[in-house]
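Quick notes on the structure that follows.
The values are calculated or read from the model by the stated rules, or taken from the named source; none is laboratory data. These numbers were taken from a predicted model, which means no experiment stands behind them. Cβ placement follows ideal geometry from the backbone for every residue including glycine, while neighbour counts extend to all protein chains displayed.
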Amino acid sequence: MHSLKVESKSVLDLADRVFHDLARTRPTLEVLPNLRCLHWNTPEKTEHIVIFMHDKVTEFLFDYDSINSIPSLASNVLGRMPSLTSLEWTNRWWQDRKDIPSLLRLLSGLQKLQRITLPKYFLGDRLLKTLSLLPELKVVRFDTMSESGPFNPVIKGTLEEGAFPMLYDLCLCGALDDMRRYLTGGTLLPRLKNLSVGSFRRESPSTVQRFLADVTECYPALEVISFSVIGRQGCCKPLRRENLCPLVSLKQLTRLELRHDLPIQISEDDLAEFSAAFPTIETLVLNPEPRLPKKPRFTLSSLLFVAQKFPNLSHLGIYLDAEVRAPYSLVKIQTFSNLRTLNVGWSPIGADHVSVALFLSRLLSESEGVVIRSGVPLGEADYHYSEELEEYGDELEEEIDERRRRWQEIVKVLPPLLQLYKEEKTHRKEIEREVEDLRNEVLMWNMRVDEGSKLARVAN
């Protein structure tokens, strides 16, 4: 067995004595000597993890919510699993920072660590300093969309010489100005390719623009950028073209994700500028779930434009107005040939969803196994809530739920429509092939008739 994954349902059925008996009767110290991946994805019975730990385990995923567990965890991991290359803490509800010394001691001892994911509540200068000294660390991630509240870590330092020598994937959350100074105010990260940042503060469009300008100037080789500003302290002003224009300098970008309070105010012409700048982009997420879902700038017709300008897209997230009737003239259009996921988020859609389904069946006819997703229920999107939303009461939630219900109807009827269009296309090709065969037969007949006429003239 190379992997052991324990979930809440499975572990709750086991009595403590099962683990005690296993520990007492094992023939060797290593219960599972071939184990490489240990996933204890539940806060239940965490005291029993230790019997599965040994020095050949390289991947450890755990969920701890006991305040007394962290010092013990640090000692056990360092003593039993010193060769870890991947460490992930999945508990997003943790808010007690007094265990940071134990956590830092643990991380300092894991010199082979390559990937780490932690609750954002530990994020700060001390943790970043410790992580920056790990020689093989390549991926650092924090749960920027934690369900547990509007916590904004404070980052005041800058990168020092030799920090993060192998890091290529970094996820941070905090104030944009703090993160901008950290990333660009000192030594630069030599291998950074993927950058995800999130802020729960009220960030002005000019702050966003300044952040993007400095970061793209310092890291022009970025391939992935995920940018989220959800202002729990009040709604931000909308982002416009000039605030996002620094992104066009990232010529190697393959993934762009933008999330914001309000619908992004860019036009199809702006998208054309993006498409020229990102010729290889495969994932494009344009704020499909704005916290305040006001009227979208894009319509269903905009999808025709996106399909034409971004032919390599495999994932598209977009907030659009599907209440505007889709165009009927679709004799010859550019379809999505590589799209696998279309996320429409909280896009408004009218009661006449049949015409929308017919339009999408044509637009997605060349895509194999495409999935349409609508936004999560507003009540489950905790990071979208703030006191400012209370003035909308239950009306907004009911509206969002109604939009989601209508999109789910689209999801139900779209597969048979796609299958029907596929069958029609196959039938049309068969007819075209038959017509071509008949045409060739006519040509061959005419050639034989001409040849016979020539022979007759020669004989005469």
| request: Out of Ser75, Ser83, Ser66, report the one residue that is polar (S, T, N, Q), modelled with pLDDT under 90 and not in a helix (DSSP H, G or I). | output: Ser66
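Quick one: which of Asp352, Asp401 is of a type in the set (Asp, Glu), at pLDDT 70 or above and either loosely packed, with under 10 Cβ neighbours inside 10 Å or touching a helix residue (DSSP H, G or I) at 6+ places or on another chain (Cβ under 9 Å) (or both)? Even if it seems obvious, please write down each step before you answer.
Numbers: Asp352 fails: either loosely packed, with under 10 Cβ neighbours inside 10 Å or touching a helix residue (DSSP H, G or I) at 6+ places or on another chain (Cβ under 9 Å) (or both).
Exactly one residue qualifies, and that residue is Asp401.
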| Which members of region 169-181 meet the condition of being under 19 Å from the mean Cα position of the chain (by Cα) and surrounded by fewer than 19 Cβ atoms within 10 Å (Cβ to Cβ)? | Asp169
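Please determine, by comparing only the residues of region 214-230 that are among the small types (Gly, Ala, Ser) and in contact with a strand residue (DSSP E or B) (Cβ under 7 Å, 6 or more places away or on another chain), which one is farthest from Ile264 (Cα to Cα).
Going residue by residue through region 214-230, those that are among the small types (Gly, Ala, Ser) are 221, 226, 228.
This time we only want the ones that are in contact with a strand residue (DSSP E or B) (Cβ under 7 Å, 6 or more places away or on another chain), so: 226, 228.
Working: Ser226: 15, Ser228: 12 Å.
Only one residue tops the list, namely Ser226.
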| request: Could you list, in sequence order, all residues of region 112-148 that are polar (S, T, N, Q), closer than 28 Å to Asp55 by Cβ, assigned to a loop (DSSP other than H, G, I, E, B) and at pLDDT below 95? | output: none
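Quick grid of which residues meet (1) closer than 20 Å to Leu123 by Cβ; (2) among the β-branched types (Val, Ile, Thr):
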site	(1), (2)
Gly185	yes, no
Leu212	no, no
Val229	yes, yes
Asn243	no, no
Ile266	no, yes
Leu271	no, no
Ala276	no, no
| request: Evaluate the following for Arg297: is it modelled with pLDDT under 95 and in contact with a Cys (Cβ under 6 Å, 6 or more places away or on another chain)? | output: no
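Only one of Leu316, Leu292, Leu303 is of a type in the set (A, V, I, L, M) and out of contact with any helix residue (DSSP H, G or I) (no Cβ under 7 Å at 6 or more places or on another chain); which? Can you show your working first?
Working: Leu316 fails: out of contact with any helix residue (DSSP H, G or I) (no Cβ under 7 Å at 6 or more places or on another chain); Leu303 fails: out of contact with any helix residue (DSSP H, G or I) (no Cβ under 7 Å at 6 or more places or on another chain).
Every option except Leu292 fails the conditions.
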